[in-house]
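The values are calculated or read from the model by the stated rules, or taken from the named source; none is laboratory data. None of the values given here were measured: they were computed from a predicted structure. In this analysis, Cβ positions are derived from the backbone assuming ideal geometry, glycine residues included, and neighbour counts consider all displayed protein chains.
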Amino acid sequence: FKGTVSWSHDTRNKAIFPTDGSLLTLSSEAALPLGDESINFYKLRLRHKQYFPLFRKLTFTAGGEIAYANAYGETTLLPPFEKFYAGGMRTVRGYKANSLGPQDEFGDPLGGNARVLANAELLFPLPGREGDDLRFGLFVDAGNVFDTNEEVDLGDLRLATGLSMVWLTPVGPLS
């Protein structure tokens, strides 16, 4: 059994394709110690994303996440399915999904109990195109996953830059 508590403060002007405001989320999750063989752990996560309108339909956005998890009680290791992973579309674009952070001897991701992510992006519509259903961006992403039982070096953050596109289709956004 897991218990979750979260708090959000949303001042964005729109939920889809915002151009102004911010979204701040603080969440915590804990496995409740019920039963003889329960797995006991907790997670804490802070996320923030800020949108700055520049001019016309040009928007700058910056954000980040800091997350930490650990086992408690008689549980000594965080289960692999509760660890943090990074790399891919939703974390550090330009890297293969879940490829960042500690790896085993075969190069497979082990995940970690801490994650640091940062993102900055300049968002703009396709020049000469009317409508608000297509948006491009120039981005810089940074982040990594860490095992805090070993030395954590923020110099190990991985960077990626590139061009993004989000199209608002009839069934939802496509990136």
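If you check Asn113, Asn98, which single one turns out to be in contact with a strand residue (DSSP E or B) (Cβ under 6 Å, 6 or more places away or on another chain), on the phi > 0 side of the Ramachandran plot, surrounded by 16 or more Cβ atoms within 10 Å (Cβ to Cβ) and of a type outside the set (A, V, I, L, M, F, W, C)?
The unique qualifying residue is Asn98.
With (1) without any contact (Cβ under 8 Å) to a residue 24 or more places away in the chain; (2) in contact with a strand residue (DSSP E or B) (Cβ under 8 Å, 6 or more places away or on another chain); (3) part of a loop (DSSP other than H, G, I, E, B) as the list, and Asp132 as the residue in question, which single condition is left unmet?
The one condition Asp132 does not meet is (1).
Does segment 135-156 hold any residues that are surrounded by fewer than 16 Cβ atoms within 10 Å (Cβ to Cβ), out of contact with any Leu (no Cβ under 8 Å at 6 or more places or on another chain) and not hydroxyl-bearing (Ser, Thr, Tyr), and which are they?
Asn149, Glu150, Glu151, Val152, Asp153, Leu154, Gly155, Asp156
How many residues are buried (at least 16 other Cβ atoms within 10 Å of the Cβ) and either at pLDDT 95 or above or within 18 Å of the chain's Cα centre (by Cα) (or both) when one looks only at segment 10-20?
Within segment 10-20, residues that are buried (at least 16 other Cβ atoms within 10 Å of the Cβ) and either at pLDDT 95 or above or within 18 Å of the chain's Cα centre (by Cα) (or both) number 3.
Quick one: which strands (runs of 3 or more DSSP E) lie wholly within segment 1-118 and hold at least 3 residues that are under 17 Å from Phe139 (Cβ atoms)?
41-55, 58-71
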